[in-house]
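One structure is given here, and the rest of the page talks about it.
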Amino acid sequence: MSVTIRNITTEDTLQLRRDVMYPDWPLDRVTLPHDADGLHFGLYDGARQVTVVSLFIDGRSAQFRKLATANDQQGKGFGKIMMAHLEKVCRDHGVSRLWCNARASATGFYEALGYHISGGLFYKDNIAFYKMEIELKSASVDTFTIIPAIDIIDGKCVRLTQGDYDQKKIYNENPLEVAKEFEDAGVKRLHLVDLDGAKKGQVVNWKVLEAVAGKTGLVVDFGGGIKRDEDIRVVFEAGAKLATIGSVAVKQPELFFGWVEQYGAEKIFLGADVKDEKIAVGGWLETTGVSVFDFLRGNMEKGVKEIFCTDIAKDGLLQGPSTELYKKIIAELPGIRLTASGGVSHMGDVEELRAAGLAGVIIGKAIYEGRIQMSELKKLL
């Protein structure tokens, strides 16, 4: 089934609002005094409405009320998807503070999303509530992240074409030197890929990671060869802020979700390699029958937050990114934080991805080949 979020009327919220929150009440009693002033949203799984919420914007502050998910659909991530949508709507309206009166039984759900209790316990209709709120970063270019990539073979900075080790080009003998150049230009994030590790099936170039993380202030995500508990432990000990995981999430989901739980979703950067909208693994040699939409939805429901997607038909060719695919993913999966990877060839591609609603873009060959100058990227850093 495909998940969509729609603007709905007050009346469209009432049935689910009542059935979930106040099953013994008549329908007219769950109407809010200022419903006519609110924005109302419904999340649909296929044709079925599974979550509703109402949002009331007042200048730089907004309150949401009556977030309700059908009882038999709870625990599947629909509430988190709806909350991500609310935050996006608020940012688009210049809202910096989002709050609610949360049932005491739901405080854990909101705290996991970054909310904090800002008021004392109170009761209404014999139900315990706390006021909870979150500060929202304003919608700006800062929310679109430029992430240069450094691929490593034999400790050197290289690029491949479409993942082919026989189509290798060395750009610099010293990855740390390249990382420092990026940092000097204003870059905050770095995508570091251990191609030796990817080929061997275990982390190899952890010393390069240790040098980059230890001698720059860059937020480094590191991937390639993370297959075992030992690998991911080494990666974090060497200084990575995020571990980039791809094939393991497809082939060994229990191991992957164990890492998500152990280290926290904010420490995991999930990579989805895609061919014809199907997930590819094994250095792109194997295409599964798994739909990218189903794969990403399942991971989001488990709490995964940071995701990047590579269309393997585009990577390393400098022929433009798969913007239409990314737009389709964003439409299918409201609330996703999706970073584009592969195909970027000039600044127009970067601007196109930003306009399409991507959270960021990983750029490699276009920088090394001089198609994009760091001076051009500075306005987005």
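The values are calculated or read from the model by the stated rules, or taken from the named source; none is laboratory data. Keep in mind it's a predicted model, so treat the numbers as computed, not measured. Glycine gets a Cβ as well: all are built from the backbone with ideal geometry, and neighbour counts include every protein chain shown. Side chains included, ligands, DNA and RNA excluded: accessible areas come from the protein's heavy atoms. Shrake-Rupley method; radii C 1.70, N 1.55, O 1.52, S 1.80 Å.
Some notes on this structure:
- Principal-axis tilt of helix 10-21 within the chain, Cα atoms, nearest 10 degrees: 90 degrees
- Solvent-accessible area of Asp164 with every protein chain in place, 1.4 Å probe, in Å² to the nearest 10: 50 Å²
- Probe 1.4 Å, all protein chains present, accessible-area order of Met374, Met82, largest first: Met374, Met82
- In the assembled protein chains, Lys215 presents an accessible area of approximately 130 Å² (probe radius 1.4 Å).
- Accessible area per residue for the chain is 45 Å², calculated with a 1.4 Å probe on protein heavy atoms, without ligands, DNA or RNA.
- For Lys188, Lys378, Lys180, the ranking by accessible surface with the largest value first comes to Lys188, Lys378, Lys180, using a 1.4 Å probe.
- Per residue, the convex hull around the alpha carbon atoms of the stretch 119-250 comes to 198 Å³.
- Computed Rg/Rh of the stretch 175-217, alpha carbon atoms with Kirkwood Rh: 1.02
- On the chain, 47 percent of the accessible area sits on carbon and sulfur atoms, based on a 1.4 Å probe.
- All Cα-Cα distances of the chain, cut into 20 Å bins from zero to the largest, leave 27, 53, 19, 1 percent in each bin in turn.
- Restraint check, Lys131/Lys188; Lys137/Lys378; Lys188/Lys365, Cα-Cα greater than 23 Å: Lys131/Lys188
- Dimensions of the stretch 96-190 based on its C-alpha atoms, expressed as ranges along the principal axes with the largest first, amount to 69, 27, 19 Å.
- Excluding the site residues themselves, the longest part of the chain lacking any GluC sites (Glu not before Pro) in a DSSP loop with at most 15 other Cβ atoms within 10 Å is 1-172.
- Remark: for residue pairs Lys251/Lys278; Lys168/Lys314; Lys267/Lys327, the C-alpha separation exceeds 23 Å in Lys267/Lys327.
- Using only the C-alpha atoms, the convex hull of the stretch 205-268 corresponds to 69 Å³ per residue.
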